[in-house]
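The structure under discussion is supplied below as structure tokens; questions concerning it will follow.
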Amino acid sequence: MTRRLTGFQPTGNLHLGNLIGAMRPLVAAQDRPSIAMIADLHSLTMEHDPARVRDNTLTVATVLLAAGVDPGRTAIIAQSQIPEHTELHYLLECATGYGEAARMIQFKEKSQGNTSVRLSLLTYPVLMAADILVHDTGQVPVGDDQSQHLELARTIATRFNARYGKTFTVPEGIRPESASRIMDLADPSRKMSKSSPSAAGRIGLLDPPETIRKVIARAVTDTAGVVRHDRDNQPGVTNLLEILRACSDREPGEFTSYGALKREVTEAVEAVLTPVRARYAELSEDPSHVRKILAEGKAWVQPRAAETVRRAREAIGL
Ligand code: ADP
Ligand code: NA
């Protein structure tokens, strides 16, 4: 069956969008072979705190487990622990044009105004291609921000296969439904993100209930005064309705006021996050258990990764 790979950046601040858009679909699809990869090498492409890199990785792994990812069915791995990722990265760089990498929108955005751009920021999409190809991944769930990178991975795989002989599975991007895109509560024109400059619009998965209640209470709405699902004209209210729909099993009913809507959203979010928080607290008491799960994930997927790298080396003539 087609293998699926979902990546998570270990930059802290995991939020409700990550849970709804990425972790839940991962949990829902656990009958298929899947890999949840924590992209710890990615955090090195920008300025970072060395003391926190490892902790952030462990936190993401712990949250994945708390959210219901079953390590017996989904391999949870840290990118840096499987050297085949970086070995294939180099081989793929030799099949990628400088111009192709420099064209990436995310590179342009992140490098703009940055006077000390790291080379790894430019080549990161090639590492992402290696992450995907090394595991013979067939499907990659990607949001808008990653679709150009996935296209590059497909281009590299196709080119490599044509030049050196069939070596890689060419991965397909699968899109989360638009309903699963959660927007920032303080600025519903942008998606809720770990990297938003402000936490005012973010519902953190591990935030205390009181903080979440305040964030929802202060969510930006509009002056229409009517609760309607209308993405263009009422993006804030529509986002709240989407969050409600995602966090409860029934369709949202009628609301007479924004306050009433917000109260119901708060309750629904709380009901979803309470068990996640509780499992997280439990798992956090034994970090060695989580480290062991990462080691098991590595042991599980590494033989196939090594085989892919062997194939690639042989095809190139090494
Ligand atoms: P972030 O943008 O917060 O840094 P990542 O890039 O690490 O998040 O994405 C991790 C996963 O979570 C990806 O599969 C991504 O599509 C999903 N995701 C991120 N933000 C949202 C959101 N606001 N709504 C739905 N899914 C999201
Ligand atoms: Na992102």
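What single numbered condition from (1) surrounded by 17 or more Cβ atoms within 10 Å (Cβ to Cβ); (2) assigned to a helix (DSSP H, G or I) fails to hold for E210?
Single failed check for E210: (1).
Hey, among the residues in the range 133-152 that are of a type in the set (A, V, I, L, M) and within 11 Å of the chain's Cα centre (by Cα), which one's nearest to ligand 1 (Cβ to nearest atom)?
Only one residue tops the list, namely V142.
Among the listed residues T238, T266, T221, which satisfies the condition of being touching a Gly at 6+ places or on another chain (Cβ under 7 Å), modelled with pLDDT of 95 or more, at negative phi and hydroxyl-bearing (S, T, Y)?
When all the criteria are applied, what remains is T221.
Going residue by residue through the range 103-126, is there one that turns out to be within 15 Å of ligand 1 (Cβ to nearest atom) and assigned to a loop (DSSP other than H, G, I, E, B)?
Yes: the range 103-126 contains one or more residues that are within 15 Å of ligand 1 (Cβ to nearest atom) and assigned to a loop (DSSP other than H, G, I, E, B).
Another question about this same structure. Which of the residues spanning the range 180-194 are of a type in the set (D, E) and within 16 Å of L14 (Cβ to Cβ)?
If the condition is that a residue be of a type in the set (D, E) and within 16 Å of L14 (Cβ to Cβ), then D184 is the only one that fits.
Looking at the range 101-142, which of its residues are surrounded by fewer than 16 Cβ atoms within 10 Å (Cβ to Cβ), in contact (Cβ under 8 Å) with a residue 12 or more places away in the chain and not β-branched (V, I, T)?
A102, Q106, R118, S120
Restricting attention to the range 135-149, and to residues there that are within 12 Å of ligand 2 (Cβ to nearest atom) and assigned to a loop (DSSP other than H, G, I, E, B), which single residue is farthest from R4 (Cα to Cα)?
Restricting to residues being within 12 Å of ligand 2 (Cβ to nearest atom) and assigned to a loop (DSSP other than H, G, I, E, B), the top hit is G143.
The values are calculated or read from the model by the stated rules, or taken from the named source; none is laboratory data. Note that the structure is a prediction, hence the values are computed from the model and not measured. FYI the Cβ positions are ideal-geometry reconstructions off the backbone, even for glycines, and counts take in every protein chain you see.
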